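A.B. asks: Let me give you the structure first, and then I'll get to my questions.
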Amino acid sequence: MSMERIELARDCEGVQIPAGIKTVLEKGIEAFITQSLGGTFTVQVPAHGGLFRIAGKDADALGKNPEDAGGAAVGGGDLEAMVWEQLKSCFDPEIPVNIVDLGLVYGMEVQDQTDGTKRVEVKMTLTAQGCGMGASIALDARHKIMTLPGVSEADVDLVWDPPWTPQMISPEGRERLGID
């Protein structure tokens, strides 16, 4: 894995991985970008002793552009397909595979609302129940779904049954991880 060394150009918020604790990372601090996927950056910050997720909106603090974080482009067409594309833009900050290809999304349903809008319900799990980033990953998925045209409500529930196993990883995910 290649890591790019940077110094923060300004203070910015980072979310500690896997604890999920928000921390202010100070201007001038040394960091190493380990991953740029799904609209966020994962950085290793030796002075704070760990990994942090930085939102694409704070890319300038890393000397980057938000587009460098690889967010998903929202197209038109079938809403179900667009929801799946948005879910594929969500990543566990420790694993360079999206939540769909990791096998974390157990189901997705689009429901008609009386006002003509849509409600999207997603059931997903995590690779481990103790993952402190679970709520953050689910919130990221919800926010991305809510950006879709016509969606008025989105609910992303974390479930634990059936328990996740590595066999749930898609062939694409397995290839990305070098499994098999």
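The values are calculated or read from the model by the stated rules, or taken from the named source; none is laboratory data. Keep in mind the model is a prediction, meaning the values are calculated, not measured. Every residue, glycine among them, receives a Cβ derived from its backbone with ideal geometry; neighbour counts consider all protein chains shown. These area figures cover heavy atoms from the full protein model, side chains too; ligands, DNA and RNA do not enter into them. Shrake-Rupley method; radii C 1.70, N 1.55, O 1.52, S 1.80 Å.
A.B. asks: How many percent of the accessible area of the chain is carbon or sulfur, using a 1.4 Å probe? Don't skip to the end; give the middle numbers.
C.D. replies: Details: 4590 of 9090 Å².
That share works out to 50 percent.
A.B. asks: Right, next: What is the sum of charges, Lys and Arg at +1 and Asp and Glu at -1, for the other residues whose Cβ falls under 15 Å from the Cβ of residue 30? Spell out each step's value before the answer.
C.D. replies: Numbers: positive: 5, 10, 27; negative: 4, 7, 11, 26.
Combined, the nearby Lys, Arg, Asp and Glu give -1.
A.B. asks: Of 108, 124, 133, which is the most mobile in a GNM of the chain whose springs link Cα atoms less than 10 angstrom apart?
C.D. replies: Taking springs between Cα atoms under 10 Å, the residue moving most is 108.
A.B. asks: OK, next. For the stretch 34-166, what are the per-bin percents of Cα-Cα distances with bins 10 Å wide, up to the bin holding the maximum?
C.D. replies: 12, 41, 33, 12, 2, 0
A.B. asks: Under 5 Å between amide H atoms, partner at least 5 residues away or on a different chain: which partners does residue 35 have, H built in plane at 1.01 Å?
C.D. replies: 42
A.B. asks: Where does the charge balance sit around residue 176 when Lys and Arg score +1, Asp and Glu -1, over other residues with C-beta under 15 Å from its C-beta?
C.D. replies: My count for the surroundings of residue 176 gives -4.
A.B. asks: Using just the helices of the chain, give the 222 nm mean residue ellipticity in deg cm²/dmol: DSSP H runs with n ≥ 4 each add -39,500 (n - 2.57), and the total is spread over all residues, rounded to 500. Walk me through the intermediate numbers first.
C.D. replies: On the way: 3 runs with 29 residues, N = 180.
Calculated mean residue ellipticity at 222 nm is -4500 deg cm²/dmol.
A.B. asks: Can you give me the long-range amide H partners of residue 151? Hydrogens built in the peptide plane at 1.01 Å from N, cutoff under 5 Å, separation of 5 or more residues or another chain.
C.D. replies: For residue 151, whose amide H was placed from the backbone, the distant partners under 5 Å are 118.
A.B. asks: Enumerate the calculated ³J(HN,Hα) couplings along the stretch 44-56 in order (Karplus 6.51 cos²θ - 1.76 cosθ + 1.60, θ = phi - 60°), each rounded to whole Hz, writing x wherever the residue is Gly or Pro.
C.D. replies: With coefficients 6.51, -1.76 and 1.60, one gets 9, 10, x, 5, 9, x, x, 9, 9, 9, 10, 5, x Hz.
A.B. asks: Taking square-rooted eigenvalues a ≥ b ≥ c of the alpha carbon gyration tensor, is the stretch 17-105 rounded, prolate or oblate, where a/c under 1.5 means rounded and, failing that, a/b exceeding b/c means prolate? Walk me through the numbers before you get to the answer.
C.D. replies: On the way: a/c = 2.94, a/b = 1.78, b/c = 1.65.
Note, shape of the stretch 17-105 comes out prolate.
A.B. asks: Hey, what's the stretch 33-114 come to in accessible area per residue, 1.4 Å probe, Å²? If you can, show how the numbers build up before the last one.
C.D. replies: Values: 3450 Å² over 82 residues.
I get 42 Å² per residue for this part.
A.B. asks: Which lysines have a Cα lying under 30 Å from the Cα of residue 88, excluding residues fewer than 8 positions away in the same chain?
C.D. replies: 22, 57, 64, 118, 123, 144
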